[in-house]
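Notes follow once the structure below has been shown.
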């Protein structure tokens, strides 16, 4: 049975969408018409430009509402998500001691050019983020956070040295898709060094999805809204399933 | 009038402890130098440019001298000696060294007085240029009027200096007072400053002297057009702190992010290297009339903003104390703090107000720099915009010096043109709406806000007193700051620190110290 949906304004399937963008045009009737036609060219109808703001340097900001003819059948979607259950810290610790009977070693870093540790710190640091302690706080984890701008080679050397169960890579800066280049480089090096199948490779960051992670050759990816609990549970359950 | 009732005894104790901590480094400041300090001297002597392949000439000279184990006299003496021997300019000497044609240590040494005269003439020439730049800034402010309070500070970060110019000019048109060109993300750990105009960067644009020049010129044009002086800022931080300060002084940047301890804690740069570099970098900033800004917001993004609020206060007092040692006047100290408390917490606004008032009142003359919510900014741009409005409210109500505007897309990407414009509109609306509100308000002495500010001050005082007893390096090694352990001999850049010889000479430091009365 298919379930076809359209955007909802105030009536089912009215298709109402809010748009906001800048154009290199002047903030006048001519510019407004340019914006309106552009939105029509996007396939929308019933275009209503509700606001023009002069941005200077020949740019104008437009806010608009329009109606889209597009719809989606939600029964036909294929979504890749991390499917392991999410447990809190105490439950994960119990789970690990029951199923693995040892400590899990995790090495994490912001690799290559990325200097933004906020993501990796939220997952790994003792303090954690938003009422979820980081991996350092878990009894069942030996968490090594190497910090920012760590070359891929150093991260892999560390992981080898401590016989890591999992590598956590954070990529926050995504301008010009630098995160893809960095993540690809790490996985290629890991393959060349024969480490790829010896441990879990996990990446995270605001623009990372599980699907992207799989595509890049990682085991899992965690995007915005992920916490240490998601990552810890995933590692614990996956290792246990692998019988490691 | 909205004002705290701060325990003045605590204020004095905290300042005294900070003074004890920073006063313990004279051995370092007087006895050591670093490669970037020497490269700064070379740049100030007029050496610029890079070899094919990109190695900057100041680095080429330092490589040359360090391979000859000749660094301990300082680079200036060797270059001046070659200038006299060959009748070359400093730049010609550098080019001859780069081509492999000249060995600086192979020439006979000229008499010391000749070398000093040569260097002092060069120093006078460059320092006159820097003074003229400072004078030009004052003239512009006199002509167009002083900066508003809080000043509207926005970032541009396209990676391409020419695209940055378009965005900066648009921001100025929308109402920005200060433009920050965010640096490419890996630059703080480069032990050289890239050369020339750059069009590729990640999360920002490389700080180069040419990029400084391009942006300053564009902002001068837009200042004239708008009848408002638009200030420019960048980052004198990382492994090239004093070099970037010098480049900023030459090209008339108006502010510089220049924290005494940030590199140690958040970039794992060696503690000795950082303290040494900041000492000279801040001296240059002081001489050039550049307002320094500090990075206390980082303590709050890496730890809990309520629990660790005192670390901000402690760091501000240390930054103030180190800055005074370099001759920076309080009116040029943009000490930092931030609006980073979890918005789900009840009365989070009261905490923020208490913290903001504490900063404002501890440093009454300083143009304190207030940083926006970032940690709890999310993909929900509408909520982030609302948080930014609350942040702007505190900024105007408490009279912060510089308001670093939050962007609704903070958690998503470097700001788009529209994001920046909406942020400025947000700030202008709130600033206008609550302009004189503070004059009408008073705090009860037993109010939560008053008690909270005093309790943060108390914690900061006790912390500083403990660090003063322990010593700063020891405290950092134990992880007392930001819960990060930084041993004295760990971190990046220690190999670029060296002990000076008896006959070491840095013509710029001596002269600047004299003129600043240090």
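Below 8 Å between Cα atoms, with a sequence gap of 6+, how large is the relative contact order for chain B in percent?
It rounds to 21 percent for chain B.
When Cβ neighbours within 10 Å are restricted to other protein chains, what is their mean count per residue of peptide A:168-179?
Working: counts 0, 0, 0, 0, 3, 8, 5, 11, 5, 1, 6, 1.
So the per-residue partner count for this stretch is 3.
Angle, helix B:448-470 long axis vs. longest principal axis of chain B, Cα atoms, 0 to 90°, nearest 10?
Helix B:448-470 sits roughly 30 degrees off the main axis of chain B.
Rounding to the nearest 10 and keeping the result within 0 to 90°, find how far the Cα-based axis of helix B:8-22 lies from the longest principal axis of chain B.
20
Mind checking the mean number of beta-carbon atoms from other chains within 10 Å of the Cβ atoms in A:202-208?
That works out to 1 on average.
What relative contact order, as a whole-number percentage, does chain A give when Cα pairs under 8 Å and 6 or more residues apart are counted?
About 17 percent, as a whole number.
For segment B:325-346 and segment B:142-195, what is the separation of their Cα centres, given in Å?
19
How high is the relative contact order of segment B:147-449, in percent, with contacts defined as C-alpha pairs under 8 Å that are six or more residues apart?
Value for segment B:147-449: 16 percent.
Find how many whole Å separate the alpha carbon centroid of segment A:1-50 from the alpha carbon centroid of segment A:111-164.
Answer, in whole Å: 43.
Which FRET efficiency, nearest 0.05, do residue B:495 and residue B:86 yield, Cβ-Cβ r, R0 25 Å?
0.25
Any idea what angle helix A:152-161 forms with the longest principal axis of chain A, computed on alpha-carbon atoms, 0 to 90 degrees, nearest 10?
In chain A, helix A:152-161 runs at an angle near 30 degrees to the longest axis.
Taking the alpha-carbon centroid of each part, what is the distance from segment B:108-131 to segment A:172-200 in angstrom?
52
What order do you get for B:202, A:62 when you list them from fewest to most C-beta neighbours inside 10 Å? Each step should come with its number before you reach the end.
On the way: B:202 27, A:62 24.
Lowest count first: A:62, B:202.
In nm, what is the difference between 0.36 nm times the number of residues separating residue A:163 and residue A:176 and their Cα-Cα distance?
Stretched out fully, the residue A:163 to residue A:176 stretch lengthens by 1.3 nm.
Coordinate-derived values only; no laboratory data. Keep in mind it's a predicted model, so treat the numbers as computed, not measured. Heads up, the Cβs are rebuilt from the backbone with ideal geometry, glycines too, and the neighbour counts pull from every protein chain shown.
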